[in-house]
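First up is the structure itself, then whatever we jot down about it.
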């Protein structure tokens, strides 16, 4: 059954990939390759500044507003901060995508592509997109502060589980090494 | 001879003939030799098969299955021709393609080895349907490989090659699904199989007729540049930007 599912999945993926490629390239004309000048300029893709993260996700602002402001202002503040956080995430993703697209346009003209470098960059891009999407979902659901708390809580839980698992494996190993008392007595 | 069930069959033969006629008339058959060899082989097979249907139905069955595997092999040559047309001027992408093909080869070898060790090597080709399905699986992986590379590097492709790859890729994918279902479900899928495959094949032939009506080669390839130093520097810079972005995202939750 697994093999059947795999074959069918492969067939569906091939058809979907081919149709997507045909229609997507039909709508968007192919981008021209880069020359050296563009490659050099594009290498200076700049991410939004780091201090924005501290400002947008700062817990102090939330504490101040939730201590001193009426409920309507609190609601407005949370909505505005959520919008800012999502905008920052979109901006960061956009910049990473820009660097990645530019890189591919340059790379395709190069005769000496290295599979390991290409694979590494592609994998990093996929991981960053996945991380950004997960963060965006958390921010959208629980706001910037809530997202931070949830991830912090999950990380602490994972750490606790890891400690428990380590303790359990130590216990199991010491049980395996200890000789059984009943066998010794019988003999 | 004039049964309704022959209509899709005659339609496909007309379109195959039209494809060959347009290529000869436009003098561009030599630009896609393996593709037109495949088209000619299919047309000849269908016409001979039609003759044998009335003259010697028993021989027709054998003839059909032997030629089916010849056509499968020619189908692989179409994919090879597409690889050459699309990646021929992009040496770097061609290198990456060789690595991907190497990975596919290793996966297939592992599969055959697993089947041998598991004592089920004979099952890889226990029936002609299963053998066909397995060969289509290889073709599907090859098609997926070239589509991924072309999409990833946004390599410009002309209407002709896009039509060949799009049509053949869709046909391979659908055929893989129907052959799998035919093997798994057996006779109860036979009727659907005899309905879906010819219908899909006619759609593919329509796509080919539209995209190969006239000659439209791939856009002129950009000159390959020896920008190895720039490539390495840009790869480093890109990885640096990505590393920074990852750190920014992680700092949100620390």
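The values are calculated or read from the model by the stated rules, or taken from the named source; none is laboratory data. Just so it is clear, the model here is predicted, and its values are computed rather than measured. Note that we place each Cβ from the backbone using ideal geometry, even for glycine, and neighbour counts take in every protein chain shown.
Here are the numbers for the structure shown:
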| read-out | value |
| --- | --- |
| Any hit, the stretch A:74-81, residues being within 20 Å of residue B:250 (Cα to Cα) and surrounded by fewer than 17 Cβ atoms within 10 Å (Cβ to Cβ) | no |
| Matching entry among A:122, A:107 (being within 13 Å of residue B:152 (Cβ to Cβ), at the interface with another protein chain (Cβ under 8 Å from one of its Cβ atoms), out of contact with any helix residue (DSSP H, G or I) (no Cβ under 6 Å at 6 or more places or on another chain) and buried (at least 21 other Cβ atoms within 10 Å of the Cβ)) | A:107 |
| Subset tally (residues that are over 16 Å from residue A:52 (Cα atoms) and surrounded by 19 or more Cβ atoms within 10 Å (Cβ to Cβ)) for the stretch A:82-103 | 5 |
| Options B:43, B:19: the member that is within 20 Å of the chain's Cα centre (by Cα), in contact (Cβ under 8 Å) with a residue 40 or more places away in the chain and under 21 Å from residue B:82 (Cβ atoms) | B:19 |
| Lone unmet requirement of (1) more than 14 Å from chain A (Cβ to nearest Cβ); (2) under 23 Å from residue B:171 (Cα atoms); (3) modelled with pLDDT under 90 for residue B:135 | (1) |
| Matching option when the condition is more than 14 Å from every other protein chain (Cβ to nearest Cβ) and in a helix (DSSP H, G or I), among A:97, A:63, A:93 | A:63 |
| Enumeration of residues in the stretch A:48-60 that are in contact (Cβ under 8 Å) with a residue 60 or more places away in the chain and part of a helix (DSSP H, G or I) | A:56, A:59 |
| Test: residue in the stretch A:71-78 that is touching a residue at least 40 places away in the same chain (Cβ under 8 Å), assigned to a helix (DSSP H, G or I) and more than 7 Å from chain B (Cβ to nearest Cβ) | yes |
| Among residues of the stretch B:139-158, those that are surrounded by fewer than 18 Cβ atoms within 10 Å (Cβ to Cβ) and in a helix (DSSP H, G or I), counted | 3 |
| In the stretch B:170-201, residue farthest from the other protein chains (Cβ to nearest Cβ) [restricted to those that are closer than 25 Å to residue A:22 by Cβ and loosely packed, with under 15 Cβ neighbours inside 10 Å] | B:195 |
| Single condition residue A:37 does not satisfy, out of (1) surrounded by 13 or more Cβ atoms within 10 Å (Cβ to Cβ); (2) in a helix (DSSP H, G or I); (3) at pLDDT below 85 | (1) |
| Residue match in the stretch B:217-235 (condition: in a helix (DSSP H, G or I), at pLDDT 85 or above, touching a helix residue (DSSP H, G or I) at 6+ places or on another chain (Cβ under 7 Å) and buried (at least 16 other Cβ atoms within 10 Å of the Cβ)) | no |
| Within the stretch B:39-98, considering residues that are out of contact with any helix residue (DSSP H, G or I) (no Cβ under 8 Å at 6 or more places or on another chain), over 17 Å from residue B:139 (Cα atoms) and within 14 Å of chain A (Cβ to nearest Cβ), the one surrounded by the most Cβ atoms within 10 Å (Cβ to Cβ) | B:90 |
| Top-ranked residue of the stretch A:1-34 - restricted to ones that are modelled with pLDDT under 75 and within 7 Å of chain B (Cβ to nearest Cβ), ranked as nearest to residue A:91 (Cα to Cα) | A:31 |
| Tally, over the stretch B:99-111, of residues that are facing chain A (nearest Cβ under 9 Å) and under 18 Å from residue B:169 (Cβ atoms) | 1 |
| Tally, over the stretch B:56-84, of residues that are free of Cβ contacts under 8 Å to residues at least 12 places away in the same chain and in a helix (DSSP H, G or I) | 9 |
| Extreme residue, surrounded by the fewest Cβ atoms within 10 Å (Cβ to Cβ), among residues of the stretch A:110-119 that are in a helix (DSSP H, G or I) and at the interface with another protein chain (Cβ under 7 Å from one of its Cβ atoms) | A:115 |
| Residue A:60 more than 25 Å from residue B:156 (Cα to Cα), loosely packed, with under 14 Cβ neighbours inside 10 Å, out of contact with any helix residue (DSSP H, G or I) (no Cβ under 7 Å at 6 or more places or on another chain) and modelled with pLDDT under 85 | yes |
